[in-house]
Amino acid sequence: MSKTTKAAASAAEVKYPRRDARRRETRKRILEAAGDLFQAKGYDEVKMADIAEAADVHITTLFIHFGAKRDLADALADEQIEGLARMIDEARGSVPFFTFFRRLVAGWAGSVRHGEKDGARFSHDVRANPELTFSWLGQHKREIALYARYFAEDFGLDPDEAMLPYLVANMLTGACVIAHDRWLRSGGASDLKADALHGVDLCQEMVEATQAGKRRQAT
């Protein structure tokens with residue numbers, strides 16, 4: 001959005017506060033309805049008309065806010081990343097990186113196994129659906145950057161110079177993907193939480209071994 005467009009939007013909000021409040025509330029309701037449907041049925045099975053009905057808005061209103069179903073997927077992916085960023089901001093400086101990641105993985109695995117509404121199915125659809133490839137790539141890049149900067153700060157590294165933070169972030173997210181794919185292939189029989197946490201353990205062991213080797217070389 002250009003500076004001119006942002007300024008115009010801000011001016012409109014000041015001039016028509018109730019109208020813009022209603023618009024934000026409608027958008028929120030649409031996103032909540034879309035998220036619920038994507039989670040319950042899967043992205044491919046949901047039609048824009050289904051979302052309009054669930055959100056209790058006219059189909060024309062839905063298309064005013066979101067021109068296509070993919071736009072809804074992009075907005076929901078943005079919300080997930082923004083939520084992760086808030087969690088990291090609250091934890092950084094007081095919770096060690098690997099402790100934070102383990103808690104995140106444990107919560108995610110538990111909600112997936114129990115079918116809770118946390119966006120897990122939608123996240124899988126974003127990763128697996130060719131229509132959403134660019135959404136997934138953008139989401140994945142932002143997620144990796146958040147983890148890498150958290151890790152770098154925890155270990156006293158420069159995230160803009162060091163390769164290790166990004167390697168670690170990719171290994172950790174990759175371990176979760178592998179555990180989830182294994183769980184899906186097993187029909188839910190494998191232990192998703194244990195597999196994902198085992199991947200975290202392996203990654204931490206490699207990091208600690210690398211750090212110990214550097215300390216020995218320094219002495």
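The values are calculated or read from the model by the stated rules, or taken from the named source; none is laboratory data. Here the structure is a predicted model, which means the values were calculated and not measured. When we count neighbours, we look across all protein chains shown, and the Cβ atoms used for this are built from the backbone with ideal geometry, even at glycine.
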For the stretch 47-63, pairs from a residue that is over 15 Å from Gly35 (Cβ atoms) to a residue that is of a type outside the set (Val, Ile, Thr) and surrounded by 15 or more Cβ atoms within 10 Å (Cβ to Cβ), with Cβ under 6 Å and 6 or more apart or across chains, are Ile59/Ala52
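Residues checked against (1) farther than 28 Å from Asp71 by Cα; (2) modelled with pLDDT under 90:
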residue	(1), (2)
Arg142	no, no
Tyr147	no, no
Ala152	yes, no
Pro159	yes, yes
Met163	yes, no
Lys193	yes, no
Ala196	yes, no
Arg215	yes, yes
Cβ pairs under 7 Å, 6+ apart or interchain, first in the stretch 200-219 and assigned by TED's automatic domain parsing to the domain that holds Pro165 and surrounded by 11 or more Cβ atoms within 10 Å (Cβ to Cβ), second among the aromatic types (Phe, Trp, Tyr) and part of a helix (DSSP H, G or I), ordered by first then second residue, are Val200/Phe98; Val200/Phe101; Gln204/Phe98
Checking Asp181, Asp160 in turn, the sole residue that is surrounded by 12 or more Cβ atoms within 10 Å (Cβ to Cβ) and among the charged types (D, E, K, R) turns out to be Asp181
Note: among Asp44, Asp71, Asp36, just one is modelled with pLDDT under 95, assigned to a helix (DSSP H, G or I) and crowded, with 16+ Cβ neighbours inside 10 Å, namely Asp36
